[in-house]
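> Okay, here's the structure, questions in a sec.
The values are calculated or read from the model by the stated rules, or taken from the named source; none is laboratory data. All figures in this text were calculated on a predicted structure; none of them were measured in a lab. Reconstructed Cβ throughout: ideal geometry from the backbone, glycine too, with neighbour counts over all protein chains shown.
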Amino acid sequence: MTTPLPTTELAHDAEEPVRDARGARPGRATWRAFRKLPLGVASLVVLALLVLVTVAAPLLAPYPASFGPDVLLPPGAGHPFGTDSLGRDVLSQVVWGTQQSVLVAVAASAIAIVVGTLVAVVGAYVPRIDAVVSMVVDLTLSLPVLPLMILVAALAGPSTSTVILVVAAFSWPEVTRLVRSQALTVVKLPYVDAARLMTRRHAWIIGRHVVPAVTPVIVVSVVVTASRAVLSAAGLAFLGLGDPTTWSWGRILYEAQTSGAMGSAWWLTLFPSLAILLLVLSATLVSISYDDARKPRGAGR
Amino acid sequence: MRPRRAGATAAAVSVVLALGACAPQAPDGAEGRDPEADGGTLRIATTTDVVNFNPLIGNSRSDSWVTGLMYPRLLSIGDDGSKEPELALDWGYSDETTGWYEIRDDMTWSDGRPLTADDVAWTMNAVKRDAPSGTFTGQMTNFESAEAVSGTRVEIALTQPDSSVVEEIGFWGTIVPRHVFEPEGSVADFANGGDGDGWVGAGPFVLTQVRAGQSYTLERHEDYPLVAAGRAAAARVVYRVYPDINTELLALRSGEVDVIANSLPPAQVARLGDTDGVEVAEVTGLGYSHMTYDMDHPDLARTEVRRALAHAVDYDAIRDVVLQGQGDSTLSSPLMPVLSDYHDDSGAEYEHDPELSRELMESAGYDAGPGGRFPVSFRMIYPLQDPVTSQWAQLVQDGAAEAGITIELQGTERNTYLAQTQEGDYDIYAGNFAIMDDPMTNFALSYLPGGAINYTHVDDPELTALIERAARTFDEEAKIALMQQAAELVQAEVYDNVLYTQNLYVAHSSGWTGFVPKPSELLSVVNPVSIASAHRVPERS
Amino acid sequence: MSIALFVARRLGRGVVTILFAVTVTFLLLRLLPGDPALAVASPNTTDEAREALLVQYGLDRPLIVQYVLYLGQLLQGDLGTSFTQSVPVVDVLLERLPWTLLLTVTALVLTVLIGIPLGVLAASREHTFLDRAVQVVGVTGQSLFVPSIGILLLLVFGLGLGWFPIGGAAGDNVYGAAWYGSVVAHLVLPAVSLTLIQLGSYVLTMRGTLIDALGADHVTLARANGLPYRRILWKHALRNALLPATTLIGLQLGFVVGGAVLTETVFAYPGIGRGIYEAVTQLDFPVLQGAFLLLAVTVVVVNMLTDIAYGFLDPRVKAS
């Protein structure tokens, strides 16, 4: 007998997506409910702003220079976020760093989501593969993540692609775990059985019926995975394993650490840490609000 | 709830019991002693763990600092790079293939046995025989054998004339006690972990306690004639490991450590100097930072291209910003100013002139085209773990771009960097040497074809002839003249682009004084004589 | 099924997990670029000397041969000798493991002690402002960047207020009973730092599972029968909710023990995490293999213990 997977707040009783009382499609209904949640809306706005910064970076601040005349200036006129130990403007670094940090997070989580979902859904659909899948997932989850990431990144050489691949490689099992529990329930539902009777095109069944049913879980796990990816990438960059030629939030922290300035130049750690916090916090709150909006109220009390 | 509570309690109890077994007991005899009453404890911080206690093996800075307090060197180094007496009082050559050392007769090992020429000769012969992997072995190429001809005189036989080897072996050779090392077989395998009776050393302190990854405690050796008082002032020295330099700095500011052994990042030097309770000491640099251009690359084989690259670097910006003014120009010569005998004042540094770079490239037949960029691209490697080099690598890339030359940066972690360097897997090499004390040896290794650090892959018969002649010249003045000629050739042909020599700064608490700084990070304020002389500032009553 | 079969199956799975971790590490180290001989050599080490080092490390032989030899060694309980320190890997690890265990267990205990009440508070007041506040705090905790927190704590409580020492696991030259006090003093800041990082996900999970448990049928039935809410909360729901949380601890341990790397580095705490980081920079293969093996064993053991605890606690499991 295996240990039951813990029910998290993400895997709920599955149903075929139905229309609500007004006849609107489930997506619309969720959005309407979401709009009423202040925390969710606020977080969505913040997230949108961050995406805006990513896209509009060149308009917001000049690319950080190689060096500047004033070293380790605290925030003030001319340098709202201060300067680092080479006199470079920290605001520019944070703005341009948003691009890299978001890019890495999105790319890594995209890979992880696609791979993880595919594995989970196929595994749920085909019971024999499922046993293998669940074992591989548990095994990978039991590996010590950060040390292995350090090992691979150190040996493969620090670069953007290494970081993306390493983070993705350690994120997909979590996705599979989340999606699988939902997928397993869905696959047993009557309408899937009915579909199986009607056609032998399994890929069609999976794509048309199973995937939409697990989509809510995927949406939530996108956020979770992306948030973790941001933190992991920043952690790797902090250890010196990120791409040294592009600016990222982790790199600002790394340079602060290696120049011995962390204990005195508080602005060097505060602003990139705030940026990380903002991105992860807003993304996670959006997902929590989405989840609340999706499920019908009334189960709590 | 009960089984869970019982389980939790059982777990907690077992953890506590396990911990209970861990509490260390005071070593024998330590309880009566109070170090504070008799000189105090000097606490030194370092960022790398001390992992190896055999001074003949390895090349880690932290290891050398600790073993340096126990095992003496024959020679030390003065602020101008010339060798000074330490264990050896005098040294020289009796003929072209024989060298000699006269050592002190008043040194004893901490177990009471006297340190004699026999220990010195035995150490050298053992290193030659077993070839342990370290800098000492690297000096032994022309060494054949050593013999103790008296209690204080050692004579070494060479396989061919070599005018530097006596001083090089003298400086890099740490002497170990024969009666402790010989029974252990090969010195290349002996871990010297202090099993059994602990450690035996002849320095001002001897290791007594090792807490791996945390602290290394050394107690005073009561007989150290190299300081006037005959023994060290401090009763005890503790090396503490702080992997993060920021934590290290906090520990110094809070008074938990008294000295930071690793050199300070340039941007922190001024700040710390202004901090109450902290003093900053300057340590002469004995090394240099440089770039070499791989002459196996068809474009870089051309002198005009190398010259163009040399003129595209903003040397002043690097020294002012990256080093915060703490680096000196060597006038683009590998004979640094600190080597006052060798340094040639009449030379001049490559001028930062991007226009000149463009002209040189065009004269070599390259066409920049409408975009202003020449159709060449060079890959430059640099060690990521060195923040200073990482920073100026960026400036070099920017400067070259201004001159229309594309440099692609490839920063890698230390081991990959070492591997790439060994295999010649780069177009431009950026790096630094910490100790280049003997120009002769350095030139041989750097500019002779097949030299161990000939990263530019140069094979210039004229240069080779100059260096080989200098190796066989025992007359100092003639040797210097030859070396200067060689350096001029290196600079003219850009076989090496020396950017700066960096003076280092170390910080210590205001509560301690009496340090004797010596050049290079290897010695700095943590060399044995300095630690032995350091004492607490007397409290005002 | 019988207890014996249950345990045997879990043991089997555990062995497979350990083998997997060992193999992954082994392959990664040898297939990725990096030359351990160079890591310990100096610039004037000759090529012959480097080759000799590789032979000494046993790295010159074919991959399969090395793997089989290594497995054979493991079965005899021999973890090999460190490349850089010339001492047995076992010694290196045993020096460091207790510190990591102390740090992680302390942080875990603190997390549970603080996390359960917070999770209960949030779940019992679902959808209220308090619940949202706890959620926000939880998510914030998950998003904190470890080294920043560490340096901040050291700055404020170590340097500023001087309440705690800065770095290290215990004072030097402190013996006997005083040593325990020193260990505790050095433990506080790193443990608090680690707790702050973990607390977020723990509270959120606790809250989530508790909400689900409260929604379950038998709870609704109990309420319909008139049992007071508080009693239901603590007796039925909490008990059910603690079970998945226990399993979560087991699964998270691998992440936590390895993740303590950053904490151990900032606080100069001499644990396995830091040992791994140093071994990576030194390319010390035997130590890395040994450390990952140790982590895998720890995770497997903890998972087995939680599964057994689960078996005791969950009436459904026991009954079958």
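> Filter the strands (runs of 3 or more DSSP E) completely within region B:374-451 down to those with at least 3 residues that are hydrophobic (A, V, I, L, M, F, W, C).
In region B:374-451, B:377-383, B:428-433 are the strands (runs of 3 or more DSSP E) which contain 3 or more residues that are hydrophobic (A, V, I, L, M, F, W, C).
> Evaluate region C:212-231: report whether one residue or more is within 28 Å of C:Trp99 (Cβ to Cβ) and exposed (fewer than 15 other Cβ atoms within 10 Å of the Cβ).
So the first thing to find is which residues in region C:212-231 are within 28 Å of C:Trp99 (Cβ to Cβ), and the list is none.
Looking for residues that are within 28 Å of C:Trp99 (Cβ to Cβ) and exposed (fewer than 15 other Cβ atoms within 10 Å of the Cβ), one finds none in region C:212-231, hence no.
> Quick one: C:Ser148 ticks every box in (1) within 23 Å of B:Ala45 (Cα to Cα); (2) out of contact with any Phe, Trp or Tyr (no Cβ under 8 Å at 6 or more places or on another chain); (3) surrounded by fewer than 23 Cβ atoms within 10 Å (Cβ to Cβ) bar one, so which box is it?
All conditions are met except number (3).
One line per residue, one yes/no per condition, for (1) more than 30 Å from B:Pro265 (Cα to Cα); (2) in contact with a Gly (Cβ under 8 Å, 6 or more places away or on another chain); (3) of a type in the set (Asp, Glu); (4) part of a helix (DSSP H, G or I):
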position	(1), (2), (3), (4)
B:Arg469	yes, no, no, yes
B:Glu477	yes, no, yes, yes
B:Ile480	yes, no, no, yes
B:His508	no, no, no, no
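> Then there's this: On the basis of being within 14 Å of another protein chain (Cβ to nearest Cβ), under 20 Å from C:Gln85 (Cα atoms) and in a loop (DSSP other than H, G, I, E, B), does B:Asp197 make the cut? Outline the logic, then answer.
Numbers: within 14 Å of another protein chain (Cβ to nearest Cβ): no; under 20 Å from C:Gln85 (Cα atoms): yes; in a loop (DSSP other than H, G, I, E, B): yes.
Considered against the rule, which asks whether it is within 14 Å of another protein chain (Cβ to nearest Cβ), under 20 Å from C:Gln85 (Cα atoms) and in a loop (DSSP other than H, G, I, E, B), B:Asp197 comes out as no.
> Name the one entry in A:Gly76, A:Gly97 that is surrounded by fewer than 21 Cβ atoms within 10 Å (Cβ to Cβ) and not aliphatic (A, V, I, L, M). Spell out how you get there, then give the answer.
Numbers: A:Gly97 fails: surrounded by fewer than 21 Cβ atoms within 10 Å (Cβ to Cβ).
Only one candidate passes the filter, namely A:Gly76.
> Being under 25 Å from C:Ile211 (Cβ atoms) and free of Cβ contacts under 8 Å to residues at least 12 places away in the same chain is the filter here, so list the residues in region C:85-119 that pass it. Steps first, answer last, please.
First, pick out the residues of region C:85-119 that are under 25 Å from C:Ile211 (Cβ atoms): C:108-119.
Listed by number, the residues that qualify are C:Val109, C:Leu113, C:Pro117.
> Can you give me the number of residues within region C:99-108 that are modelled with pLDDT of 85 or more and either surrounded by fewer than 20 Cβ atoms within 10 Å (Cβ to Cβ) or basic (Lys, Arg) (or both)?
Qualifying residue count, region C:99-108: 1.
> Of the residues that sit in region A:30-63 and are closer than 18 Å to A:Ser248 by Cα and of a type in the set (Ser, Thr, Tyr), which one is farthest from the other protein chains (Cβ to nearest Cβ)? Give the steps one after another, and end with the answer.
Kept after step one, since they are closer than 18 Å to A:Ser248 by Cα, are these residues of region A:30-63: A:47, A:49-63.
After this cut, where a residue has to be of a type in the set (Ser, Thr, Tyr) as well, the list is A:54, A:63.
On the way: A:Thr54: 18, A:Tyr63: 11 Å.
For region A:30-63, the residue satisfying everything is A:Thr54.
> Here are the criteria: (1) modelled with pLDDT of 90 or more; (2) more than 30 Å from B:Asp244 (Cβ to Cβ). Tell me which single one B:Ala393 does not satisfy.
Result: B:Ala393 fails condition (2) only.
> How many of the residues making up region B:39-91 are within 14 Å of chain C (Cβ to nearest Cβ) and either acidic (Asp, Glu) or part of a loop (DSSP other than H, G, I, E, B) (or both)?
15
> Return a yes/no flag: does region B:282-302 have any residue that is surrounded by fewer than 24 Cβ atoms within 10 Å (Cβ to Cβ), among the basic types (Lys, Arg) and either touching a Pro at 6+ places or on another chain (Cβ under 6 Å) or touching a residue at least 60 places away in the same chain (Cβ under 8 Å) (or both).
yes
> Here's another thing I want to ask about it. A:Ser273 versus (1) touching a Ser or Thr at 6+ places or on another chain (Cβ under 7 Å); (2) buried (at least 24 other Cβ atoms within 10 Å of the Cβ); (3) away from chain B (no Cβ under 11 Å): which is the lone unmet condition?
Among (1) touching a Ser or Thr at 6+ places or on another chain (Cβ under 7 Å); (2) buried (at least 24 other Cβ atoms within 10 Å of the Cβ); (3) away from chain B (no Cβ under 11 Å), the lone unmet condition for A:Ser273 is (2).
> Could I ask something else about it? Give A:Val122, A:Val71, A:Val90 a once-over and let me know the one that is more than 14 Å from chain C (Cβ to nearest Cβ) and closer than 30 Å to A:Pro216 by Cα. Lay out the reasoning, then the answer.
Numbers: A:Val71 fails: closer than 30 Å to A:Pro216 by Cα; A:Val90 fails: closer than 30 Å to A:Pro216 by Cα.
Just one listed residue meets the conditions, A:Val122.
> Name the residue, out of C:Asp91, C:Asp47, C:Asp131, that is surrounded by fewer than 18 Cβ atoms within 10 Å (Cβ to Cβ), among the charged types (D, E, K, R) and in contact with a helix residue (DSSP H, G or I) (Cβ under 9 Å, 6 or more places away or on another chain).
Numbers: C:Asp91 fails: in contact with a helix residue (DSSP H, G or I) (Cβ under 9 Å, 6 or more places away or on another chain); C:Asp131 fails: surrounded by fewer than 18 Cβ atoms within 10 Å (Cβ to Cβ).
It is C:Asp47.
> Any residue in region A:104-129 that is part of a helix (DSSP H, G or I) sitting within a Cβ distance under 7 Å of a residue that is of a type in the set (D, E, K, R) and surrounded by 24 or more Cβ atoms within 10 Å (Cβ to Cβ)? List the pairs, counting only those 6 or more apart or interchain.
Hits for this filter: A:Ala120/A:Arg180; A:Gly123/A:Arg180; A:Ala124/A:Arg180.
> May I pose another question? Which condition breaks for C:Leu144 when tested against (1) outside any helix (DSSP H, G or I); (2) more than 9 Å from chain A (Cβ to nearest Cβ); (3) at pLDDT below 85?
Answer for C:Leu144: the failing condition is (2).
> Here is a further query. Quickly run through region B:323-337 and pick out the residues that are surrounded by 22 or more Cβ atoms within 10 Å (Cβ to Cβ) and in contact with a Ser or Thr (Cβ under 6 Å, 6 or more places away or on another chain).
B:Thr330, B:Met336
> Run down C:Leu187, C:Leu196 and say which single residue is within 14 Å of chain A (Cβ to nearest Cβ) and under 24 Å from C:Gly273 (Cβ atoms). Let's see the steps before the verdict.
Values: C:Leu187 fails: within 14 Å of chain A (Cβ to nearest Cβ).
From the options C:Leu187, C:Leu196, the qualifying one is C:Leu196.
> What is the number of the single condition among (1) under 22 Å from B:Thr456 (Cβ atoms); (2) out of contact with any His (no Cβ under 8 Å at 6 or more places or on another chain); (3) of a type outside the set (A, V, I, L, M); (4) modelled with pLDDT of 90 or more that B:Asp427 does not meet?
With respect to (1) under 22 Å from B:Thr456 (Cβ atoms); (2) out of contact with any His (no Cβ under 8 Å at 6 or more places or on another chain); (3) of a type outside the set (A, V, I, L, M); (4) modelled with pLDDT of 90 or more, B:Asp427 is out only on (2).
> Okay, next question. Given the conditions (1) within 10 Å of chain A (Cβ to nearest Cβ); (2) out of contact with any Leu (no Cβ under 9 Å at 6 or more places or on another chain); (3) on the phi > 0 side of the Ramachandran plot, report the number of the one that C:Ala268 does not fulfil.
(1)
> Please enumerate the residues belonging to region A:162-190 that are over 15 Å from A:Ala112 (Cβ atoms) and surrounded by fewer than 19 Cβ atoms within 10 Å (Cβ to Cβ).
A:Thr185, A:Lys188, A:Leu189, A:Pro190, listed by residue number.
> Tell me yes or no: at least one residue of region A:153-174 is assigned to a helix (DSSP H, G or I), closer than 30 Å to A:Gly82 by Cβ and over 17 Å from the mean Cα position of the chain (by Cα).
Looking for residues that are assigned to a helix (DSSP H, G or I), closer than 30 Å to A:Gly82 by Cβ and over 17 Å from the mean Cα position of the chain (by Cα), one finds at least one in region A:153-174, hence yes.
> Another question, if that's okay. Among A:Gly263, A:Gly300, which is the only one that is at pLDDT below 90, crowded, with 24+ Cβ neighbours inside 10 Å, touching a helix residue (DSSP H, G or I) at 6+ places or on another chain (Cβ under 8 Å) and at the interface with another protein chain (Cβ under 10 Å from one of its Cβ atoms)?
Numbers: A:Gly300 fails: crowded, with 24+ Cβ neighbours inside 10 Å.
Step by step, each of A:Gly263, A:Gly300 is checked, and only A:Gly263 is at pLDDT below 90, crowded, with 24+ Cβ neighbours inside 10 Å, touching a helix residue (DSSP H, G or I) at 6+ places or on another chain (Cβ under 8 Å) and at the interface with another protein chain (Cβ under 10 Å from one of its Cβ atoms).
> Identify, from the list B:Arg178, B:Arg153, the residue that is surrounded by fewer than 19 Cβ atoms within 10 Å (Cβ to Cβ) and either more than 25 Å from C:Asp47 (Cα to Cα) or touching a Lys or Arg at 6+ places or on another chain (Cβ under 8 Å) (or both).
Details: B:Arg178 fails: surrounded by fewer than 19 Cβ atoms within 10 Å (Cβ to Cβ).
Exactly one of B:Arg178, B:Arg153 is surrounded by fewer than 19 Cβ atoms within 10 Å (Cβ to Cβ) and either more than 25 Å from C:Asp47 (Cα to Cα) or touching a Lys or Arg at 6+ places or on another chain (Cβ under 8 Å) (or both), namely B:Arg153.
> Quick one: in region A:100-117, which of the residues that are under 17 Å from A:Val211 (Cβ atoms) and hydrophobic (A, V, I, L, M, F, W, C) is surrounded by the most Cβ atoms within 10 Å (Cβ to Cβ)?
Within region A:100-117, the subset under 17 Å from A:Val211 (Cβ atoms) is A:110, A:112-117.
Remaining after also requiring hydrophobic (A, V, I, L, M, F, W, C): A:110, A:112-115.
Values: A:Ala110: 16, A:Ala112: 27, A:Ile113: 21, A:Val114: 14, A:Val115: 17.
Looking at residues that are under 17 Å from A:Val211 (Cβ atoms) and hydrophobic (A, V, I, L, M, F, W, C), I get A:Ala112.
> Another question about this same structure. Within region B:261-373, which helices (runs of 4 or more DSSP H) (wholly inside it) include 1 or more residues that are over 30 Å from B:Glu248 (Cα atoms)?
On the way: elements: B:266-274, B:303-311, B:354-363.
Passing ranges, in order: B:303-311, B:354-363.
> Just checking, how many residues over region B:102-153 are in a helix (DSSP H, G or I) and away from chain C (no Cβ under 14 Å)?
Quick first cut of region B:102-153, residues in a helix (DSSP H, G or I) only: B:117-130, B:135-138.
The next check asks that each one be away from chain C (no Cβ under 14 Å); those that pass are B:117-126.
The number of residues fulfilling the criteria is 10.
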